[in-house]
Amino acid sequence: MLKGSCLCGGVAYRVDAPVNDASHCYCTMCRKQHGAAAGAYANVPSAGFALERGADLVAEYASSEHGRRAFCRTCGSTLYWRSEAEPDVISVTLGTLDPDYDGPVEREIYTDTKPRWLPTA
Ligand SMILES: [Zn+2]
Ligand SMILES: [Zn+2]
């Protein structure tokens, strides 16, 4: 089981299912929403995802015709992404998992919009 929370601690969730397909996404929407070089997500089955605290603090924004992005109204932490076209899956943000996600990152997507300012090793 995994847990997750937002920066202010108002929202907490748990994942009772395998996490898979972790990715860094460099699309312009993920970059804007995270305020960073990439969005970092992993997929979990919707049936294994549950908010434990702060459901009233979670706002969802329709960032496209099919995608909805959830964030904490108080601190702005981005929590998950879901698509109405794929209701069985929720993509949780790797950065909100407690403790830190320690699994593999399986892919990078939208690398054509990877920012030039991203530090390299
Ligand atoms: Zn918060
Ligand atoms: Zn993206």
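Among the residues of this structure, Thr93 counts as one that is under 24 Å from Thr28 (Cβ atoms), within 14 Å of ligand 1 (Cβ to nearest atom) and not aliphatic (A, V, I, L, M). Can you work out which of the residues in the range 93-113 that are touching a Phe, Trp or Tyr at 6+ places or on another chain (Cβ under 9 Å) and within 26 Å of Gly9 (Cβ to Cβ) is surrounded by the fewest Cβ atoms within 10 Å (Cβ to Cβ)? By that ranking, first place goes to Gly95. Checked against (1) open to solvent by less than 50 Å² (accessible area, probe 1.4 Å); (2) within 17 Å of Gly4 (Cα to Cα); (3) within 13 Å of the chain's Cα centre (by Cα), Ser83 meets all criteria but (2). Residues that are touching a residue at least 60 places away in the same chain (Cβ under 8 Å), part of a loop (DSSP other than H, G, I, E, B) and either open to solvent by 20 Å² or more (accessible area, probe 1.4 Å) or under 17 Å from Gly103 (Cβ atoms) (or both) within the range 11-22 comprise just one, Val19.
Scan Glu108, Glu86, Glu65 and give me the residue that is in contact (Cβ under 8 Å) with a residue 12 or more places away in the chain and at negative phi.
Working: Glu86 fails: in contact (Cβ under 8 Å) with a residue 12 or more places away in the chain; Glu65 fails: in contact (Cβ under 8 Å) with a residue 12 or more places away in the chain.
When all the criteria are applied, what remains is Glu108.
Select from the range 27-54 the residues that are within 16 Å of ligand 1 (Cβ to nearest atom) and more than 14 Å from Ile90 (Cβ to Cβ) and list them in ascending order. Walk me through how you get there before you give the answer.
Filtering the range 27-54 for residues within 16 Å of ligand 1 (Cβ to nearest atom) gives 33-35, 51-54.
Hits for the range 27-54 are Gln33, His34, Gly35, Glu52, Arg53, Gly54.
The values are calculated or read from the model by the stated rules, or taken from the named source; none is laboratory data. All values derive from a computational prediction rather than experimental measurement. All Cβ positions, glycine included, derive from the backbone under ideal geometry; neighbour counts span all protein chains shown. Note: areas computed on protein heavy atoms with side chains; ligands, DNA, RNA excluded. Shrake-Rupley method; radii C 1.70, N 1.55, O 1.52, S 1.80 Å.
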